[in-house]
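Notes follow the structure.
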Amino acid sequence: MNRDLLWGHLLKDNAVVMRGIVKKYGDFIANDHIDFSVRCGEVHALLGENGSGKTTLMSILYGLKSFDEGEIFLFGERVDLHSPIDAMRCGVGMVHQHFMLVQEFSVLENIILGHEPMRHLGQINYTLARQKAQALMQKYQLFVDLDAKISQLSVNVQQRVEILKALYTGAKVLILDEPTAALTPDEIESLFDIIKSFRNNGLAVILVTHKLKEIQRMADRCTVIRQGRLIDCFPVDNISEEKLAAKMVGRQVMLQLARRKKEPGEILFDMQNLCAHDYRGVQILEDVSFSVRAGEIVGLVGVQGNGLDELAEIIPGLMPWTSGIINLQGQVFSQHHVRHMMDAGLANIPASRHKHGLVLEYSLGYNLVLKNISQEYAHKGIIDEEKIFAHAAQMIEKFDIRSPNGPFSAAADLSGGNQQKIIIAREVNDHGRILLAVNPTRGLDVGAIEFVRQALLEEREKNKAIILISYELAEILNLCDHILVMFRGKIVGRLSSDQADEQKLGLLMAGGGAA
């Protein structure tokens with residue numbers, strides 16, 4: 001079969017064909033002649049390291065970014081996609097990792113935003129919109145309260161709204177960018193069922209993910225991109241996690257790290273009888289008490305909505321509490337104060353790198369010294385940029401931070417994984433001996449996950465007290481010396497690492513007994 005005939009069959013059999021896609025940023029090549037195709041009724045995983053170019057490729061398919069060379073075909077027709085509106089008209093929808101919803105609008109208002117059916121007098125036909133939304137929910141078993149405000153909904157329900165938004169526009173190709181990054185195990189199972197319904201209804205689903213088990217379980221085929229180049233495309237049947245990881249990173253990856261047994265030292269962090277209420281006066285934390293010693297990692301787990309998120313903001317002083325104390329290396333706090341708690345020796349890898357971790361408009365170099373720029377990188381009020389960028393160059397090399405313009409790149413221009421590495425580099429180089437890490441590997445590729453987890457174990461070896469809050473049970477089990485389980489604002493389980501497994505933790509997280 002000649003090349004033209006093969007190409008004709010490729011166009012006929014696939015919902016998406018991207019051929020020879022090139023995207024450049026100056027001298028930096030984000031996509032280097034990439035070929036990519038997806039069939040109808042297929043779940044196709046797109047796998048690559050942070051900064052490998054996969055998000056760029058999907059942004060091109062969704063019309064968010066232009067490209068320098070190549071062609072795009074949708075359902076056999078060559079298309080020019082200059083904006084997301086063009087992509088939607090051609091049947092492409094995208095659910096971003098960071099949701100794009102109007103918090104004060106209802107679910108229905110968000111679903112139809114920009115695509116409102118109108119009556120003759122210029123009024124929105126909400127009856128017709130509701131009927132169409134309900135038909136989509138029934139077809140894909142994707143149920144949401146259409147009258148609820150977005151601000152009242154959990155993360156997984158907000159994600160359903162984003163998916164319904166895409167389906168409402170007529171999407172036949174659905175791009176899911178890191179769809180499980182903020183979901184609990186039960187919510188991930190629910191999402192898997194939804195994706196199966198997409199496949200059964202003939203949608204072409206592109207699953208952009210770093211989670212190897214999800215690829216094994218959900219995908220029919222997988223395309224691997226490394227440093228902007230196409231590495232391989234293959235069926236997922238019977239491929240191991242180790243082989244997937246090696247294809248993505250280009251080397252063998254340690255999926256499980258060895259944690260050396262060691263005797264912990266003195267107590268560096270101590271929380272006693274802490275209670276907290278939300279803005280409505282509803283109690284969200286009740287008599288929470290635990291301590292962490294030098295050279296010890298204590299993990300906290302729980303289903304979202306049971307107090308972990310609030311605890312993650314209270315510990316570094318971002319949120320007030322009602323009663324109780326936090327003792328940081330002998331300094332006792334009965335009320336929150338970010339600067340004073342930081343000065344008392346607390347470093348923080350926050351849950352939201354955009355909200356609490358970085359100033360996205362600032363350079364990589366400035367973000368690395370945000371906490372101590374006035375003490376170490378300024379003299380008589382004058383900032384020493386030469387010193388800042390020299391320090392940044394060292395951190396870039398040590399933490400393998402990939403940046404198109406070295407220390408001068410804006411943080412916003414880096415991939416999510418490299419943004420996370422900036423925060424980790426800054427916080428583990430902090431002079432304090434207490435480290436709070438909240439979902440530190442969320443959204444990272446397997447190579448970066450290995451790096452972050454190894455960094456936490458190295459800080460443990462330096463006799464730091466580490467508090468790890470994570471929704472990744474495998475991460476908690478691999479890294480922690482002791483594990484605390486939260487349920488309805490209380491600690492309901494305290495287990496050592498040799499007592500715990502996913503089944504025990506899952507039972508406690510659901511309120512099934514105490515340990």
Q: Would you check the stretch 71-220 for Lys pairs whose C-alpha atoms are within less than 24 Å, ignoring same-chain pairs closer than 8 in sequence, and give me the count?
A: 13
Q | Amide H partners (placed H, <5 Å) of Met94, local residues excluded | A | Ile175
Q) Among the lysines, which have Cα under 24 Å from the Cα of Lys387 when same-chain residues fewer than 8 positions away are ignored? A) Lys371, Lys398, Lys421
Q) Among the lysines, which have Cα under 22 Å from the Cα of Lys261 when same-chain residues fewer than 8 positions away are ignored? A) Lys462, Lys464
Q. At a 1.4 Å probe radius, carbon and sulfur cover how many percent of the accessible area of the stretch 151-213?
A. 46 percent
Q) Excluding Leu328 itself, what net charge comes from residues whose Cβ is under 12 Å from its Cβ, given Lys and Arg +1 and Asp and Glu -1? A) -1
(Q) Just to confirm a number: summing +1 for Lys and Arg and -1 for Asp and Glu over residues other than Ala390 whose beta-carbon lies under 14 angstrom from that of Ala390, what do you get? (A) -3
Q: Treat each spin label as a single point 7 Å out from the Cα along the C-beta direction, and report the Ala412 to Ala378 distance in nm.
A: 2.3 nm
Q.
I'd like to know which of Thr127, Ile72, His98 lies farthest towards the positive end of the charge dipole of the stretch 1-140, counting +1 on Cβ of Lys and Arg and -1 on Cβ of Asp and Glu.
A. Thr127
Q. To the nearest 10 square angstrom, what accessible area does Val452 show with a 1.4 Å probe?
A. 0 Å²
Q. Rounded to the nearest 20 Debye, what is the dipole magnitude of the chain about its Cα centre when Lys and Arg each give +1 and Asp and Glu each give -1 at the C-beta?
A. 500 debye
Q. Using the reciprocal of the averaged 1/r over all distinct C-alpha pairs, how large is the Kirkwood radius of the stretch 167-270 in Å?
A. 16.5 Å
Q: Give, rounded to the nearest 20 debye, the magnitude of the charge dipole that the stretch 113-173 has about its Cα centre when Lys and Arg contribute +1 at Cβ and Asp and Glu contribute -1 at Cβ.
A: 160 debye
**Q.** 13 Å beta-carbon shell around Arg460, net charge (K/R +1, D/E -1)
**A.** +3
Q | Compactness of the stretch 38-129 as Cα Rg over 2.2 N^0.38 Å, two decimals | A | 1.35
Q) P(r) tail for the stretch 246-315, what percent of Cα pairs lie past 14 Å? A) 72 percent
Q | Efficiency of FRET from Cβ geometry, Ile194 and Glu242, R₀ 35 Å, rounded to 0.05 | A | 0.75
Q | FRET efficiency for Leu121 and Arg280, using Cβ-Cβ distance with R0 set to 41 Å, rounded to 0.05 | A | 0.55
Q: Please work out the C-alpha center-to-center distance from the stretch 237-310 to the stretch 46-111 and express it in whole Å.
A: 34 Å
Q: Calculate how many DSSP beta bridges within the chain are antiparallel, expressed in % of all such bridges and rounded to the nearest 5.
A: 55 percent
Q | Furthest towards positive pole of dipole, Asn439, Ser497, Gly512, structure part the stretch 358-515, Cβ charges | A | Gly512
(Q) Check which residues have an amide H placed less than 5 Å from Ala378's amide H, if you skip close sequence neighbours. (A) Asp384
Q.
Through the Karplus equation 6.51 cos²θ - 1.76 cosθ + 1.60, θ set to phi - 60°, convert the phi angles of the stretch 201-213 into ³J(HN,Hα) values in whole Hz; use x for Gly and Pro.
A. 8, x, 6, 8, 10, 9, 9, 8, 8, 9, 8, 5, 5
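The values are calculated or read from the model by the stated rules, or taken from the named source; none is laboratory data. The structure presented is a predicted model; accordingly, all values stated were derived computationally and were not measured. Cβ coordinates were reconstructed from backbone atoms using ideal geometry, including for glycine residues, and neighbour counts include every protein chain displayed. Surface accessibility is based on the protein's heavy atoms, side chains included, excluding ligands, DNA and RNA. Shrake-Rupley method; radii C 1.70, N 1.55, O 1.52, S 1.80 Å.
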